[in-house]
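*Asks:* The structure's right below; bear with me while I get my questions together.
The values are calculated or read from the model by the stated rules, or taken from the named source; none is laboratory data. Everything numeric here is computed off the predicted structure, so don't read it as measured data. Cβ sites come from the backbone with ideal geometry, for glycine too, and all protein chains shown count toward neighbours.
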Amino acid sequence: MAIIIETMRNLVFSSILLFFSVVVVGQQPCGQKLYERLSAISKMNQVSDKEFTESLGIVKELDSIHCNDYDAIINGQKYCINSLTFLFGVVCVKHNSTKAIIEYLKYMNLRSESAEEELAFSLERLFRKRPEDVLNYGGSLLDELAWGFVNNHYYGVIDPFENDPNKSFTRNNNPSKQVLTQKNYKEIFYEVNPTLKINYAKYQKQIDYLLNEIFEILKEANQ
């Protein structure tokens, strides 16, 4: 009888240990090591070809396990401190190449049904780096690009991202006064995309469409 009781105690103790092990494992942020590496690459001043290829592999791996948020456990609570889209967008901006534009557009197209707004915000930042590439390869995403432009410049020419591209994707330090309006949106558009003023004739159809969408978004926002 004593042996049976002891055996049962051991079984119960083992079950409790297993339960707490599962809880602890379950609390570990999804893809934490991968996110830490991607975050480290995003903080580099410039992303090399090798680092960009590594980032692509990380993004695909995180995608395959449906891990779209960079979480951290702080004081026993899980917090989303960044997103896969934001970090990949920063990496693409810092690689600053046609390849980065194409890969980001592929990333967006795979999420065509997603309501994630950061997709458009990061696209507009890439557009400022290489506007011609985005117009050449991303013609189907002009609506998203217009929304990204309005969001990123609604409070001024400088997107808050420009002050610190490595901060968390939750950015709430905009001034309260609107600067982008239905009167000055073209002026601001060309101020942040000066090469498109020079190349307007080549991209006239896309630019006109984009400017019209920006105007309509502002019109609706101010009703």
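*Asks:* For segment 44-73, give me the residue count where each residue is of a type in the set (Gly, Ala, Ser) and either in contact with a Gly (Cβ under 7 Å, 6 or more places away or on another chain) or at pLDDT 95 or above (or both).
*Replies:* Within segment 44-73, residues that are of a type in the set (Gly, Ala, Ser) and either in contact with a Gly (Cβ under 7 Å, 6 or more places away or on another chain) or at pLDDT 95 or above (or both) number 3.
*Asks:* Here is a list: SER14, SER21, SER39. Which entry is at pLDDT below 95, surrounded by 12 or more Cβ atoms within 10 Å (Cβ to Cβ), out of contact with any Lys or Arg (no Cβ under 9 Å at 6 or more places or on another chain) and in a helix (DSSP H, G or I)?
*Replies:* SER39
*Asks:* If you don't mind, another one. Contact list please: Cβ distance under 7 Å, first residue in segment 186-197 and within 15 Å of ASP159 (Cα to Cα), second residue outside any helix (DSSP H, G or I), pairs at least six apart or on different chains.
*Replies:* ILE188/VAL157; ILE188/LEU180; GLU191/VAL157; VAL192/VAL157
*Asks:* Now for a different question. Exactly one condition in (1) closer than 26 Å to TYR200 by Cβ; (2) touching a residue at least 40 places away in the same chain (Cβ under 8 Å) is not met by GLY138; state its number.
*Replies:* Result: GLY138 passes all but (2).
*Asks:* Would a scan of segment 76-93 turn up a residue that is under 29 Å from ALA221 (Cα atoms) and part of a loop (DSSP other than H, G, I, E, B)?
*Replies:* The answer is no, given that none of the residues of segment 76-93 is under 29 Å from ALA221 (Cα atoms) and part of a loop (DSSP other than H, G, I, E, B).
*Asks:* Moving on. For GLU132, work out the one condition from (1) touching a helix residue (DSSP H, G or I) at 6+ places or on another chain (Cβ under 6 Å); (2) part of a helix (DSSP H, G or I) it doesn't fulfil.
*Replies:* Tallying (1) touching a helix residue (DSSP H, G or I) at 6+ places or on another chain (Cβ under 6 Å); (2) part of a helix (DSSP H, G or I), GLU132 fails exactly one: (1).
*Asks:* Determine the pairs where a residue that is within 22 Å of SER122 (Cα to Cα) and among the charged types (D, E, K, R), located within segment 65-89, has a partner that is part of a strand (DSSP E or B) and modelled with pLDDT under 90 with Cβ atoms under 8 Å apart, the partner being 6 or more residues away or on another chain.
*Replies:* These pairs meet every condition: ASP69/CYS80; ASP69/ASN82; ASP71/LYS78; ASP71/TYR79; ASP71/CYS80; ASP71/ILE81.
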